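Written out below as structure tokens is the structure these notes cover.
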Amino acid sequence: MRLLVITYYWPPSGGPGVQRWLKTSIELIKKGIDLEVLTVDQKFATYPLLDPTLVTETKKIKVYKTYSANWFNSYQKITRRKEIPFSGFANQAGKPGPIQKLSRFIRGNFFLPDPRRSWNKYALEKAIDLHREHSYDAIITSGPPHSTHLIGKALKKKINCLWYADFRDPWTDIYYYKQFYPLFFAKLYDKKLEKSVLKESDGILTVSKDLIRILKNKEPEIEKDKFLEIPNGFDPEDFSKTKTTVKNKIFTLVYTGTLTLDYPLDLLYNSLEGIIEKKDDDFCLKIAGRPAKECVEYLTDLSNKHLNFQFESLGYISHKESVKLIESADSLLLLIPKIAENKGILTGKIFEYIGSGLPVWGFGPIDGDAQEILHKCEAGSLYETSGSAIKALEKQIEKRPRGAPKNLREKYTREGLAQKILNRILLDLKNPQ
């Protein structure tokens, strides 16, 4: 089988979106698939996060890179910012000023579906050339940026192969969509593009059951078997094979990833303060990633006021360093944003948390997909009130339990999820529509 994966984010870009197709591609190649990757040349890309350590994992993958125009240059000139915005604008603290509002408005109404669409023309030309040299049986486009799916849509009309659209996140339902201040015409156009991808693709991969529900409701006539749930998963090889359980001198809670003001920070603060007041024992919270400035300030102030609470903000670290940090914890903090349609949010970190074998504690919808997976794996639990969360964390501090047992977490390995994708493509090739 010949397979082409088209993705904007690729090493040296960092983040869970990169790891999803980097790791899955490696596993598919191990299974004998002739897989190639088409991405943007990093010299012309706009990555909010960088992780050069991931580059070494791409050596056995045939990767093609193309030029791309850079529409973010205009954004940076308007806002006078050197940084590219992160998901949910985590690196832009407080309420946006007039210039930020203007730049977001321009982005949300004139660069549709997103500014990285400037890559599409070059990616499409390269994909057609590659197919002419040695035809592909299937292509997979991964979004966000969801403009990448438009490459697949255009390719489908020009070449004879299967096309699968991989939705790592929602499109018009993403939690920060409203922060672009889209006008009616922009929303209408975005939804039209989204529906066209859902209708014209041969299959739709998503990270959760609830995201399948959200997308299917947009086009009810689409058969449910067109969708395939592929969570992000974890790679057992990322974790120490000879790891021994070593107790920290003080109980250590770890969080990795993005943390914006849309997350249930009030519940976290109340719970931490409740523990501080009830417990004389010291405990520590470490956050690695891009937490909102307001969050860092609050937790720093809390640690300054209470000698039995330590807080460390480590900033963005590489994936390898993130895994080491996770392994060093006694418990892992998971937070799901407080937004509409949050029941289907399955962040990449949840599966690495499960893969670590450590207990998970945090806040999110108790009837959501994340909670269901945590309970099935016996990995921990999410809460919606600080009272129940405090009791649960108190037990963890006292007993320091383990998390998901090995036999329950194995179903979320990258190897197993890659096999699900392969089985689906083989089935569709055998039984063309």
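No lab work stands behind these numbers, since they all come straight from the coordinates. None of the values given here were measured: they were computed from a predicted structure. Ideal geometry is used to build each Cβ from the backbone, glycine not excepted, and the neighbour counts take in all protein chains shown.
Tabulated data
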| item | result |
| --- | --- |
| Förster radius 51 Å - calculated FRET efficiency between GLU312 and LYS121, Cβ distance, rounded to 0.05 | 0.70 |
| Label point distance in nm, SER328-PHE185, each placed 7 Å from Cα along Cα→Cβ | 5.3 nm |
| Those lysines that a straight Cα-Cα span of less than 21 Å connects to LYS65, excepting residues fewer than 8 apart in one chain | LYS23, LYS43, LYS121, LYS126, LYS153, LYS156, LYS158 |
| Local net charge near GLY257, Cβ-Cβ under 9 Å (Lys/Arg +1, Asp/Glu -1) | +2 |
| Net +/- balance of residues flanking ILE29 in space, Cβ distance below 13 Å, scoring K and R +1, D and E -1 | +3 |
| The chain: C-alpha gyration tensor shape, a/c 1.5 cut-off, then a/b vs b/c | prolate |
| Exposed-loop-free span, longest in the chain, where GluC sites (Glu not before Pro) count as exposed if DSSP calls them loop and at most 12 other C-beta atoms lie within 10 Å | 224-433 |
| Per DSSP, loop trypsin sites (Lys or Arg not before Pro) in the stretch 171-243 with at most 16 further Cβ within 10 Å | LYS241, LYS243 |
| Residues TRP21, TRP71 arranged by fewest to most Cβ contacts within 10 Å | TRP71, TRP21 |
| Virtual spin-label span in nm between ILE128 and GLU221, 7 Å along Cα→Cβ | 2.9 nm |
| Amide H within-cut-off set for TRP163, under 5 Å, with H built and near neighbours excluded | ILE139, ASP202, GLY203 |
| Estimated [θ] at 222 nm from DSSP helical runs (n ≥ 4, -39500 (n - 2.57)) normalised by residues in the chain, nearest 500 | -12500 deg cm²/dmol |
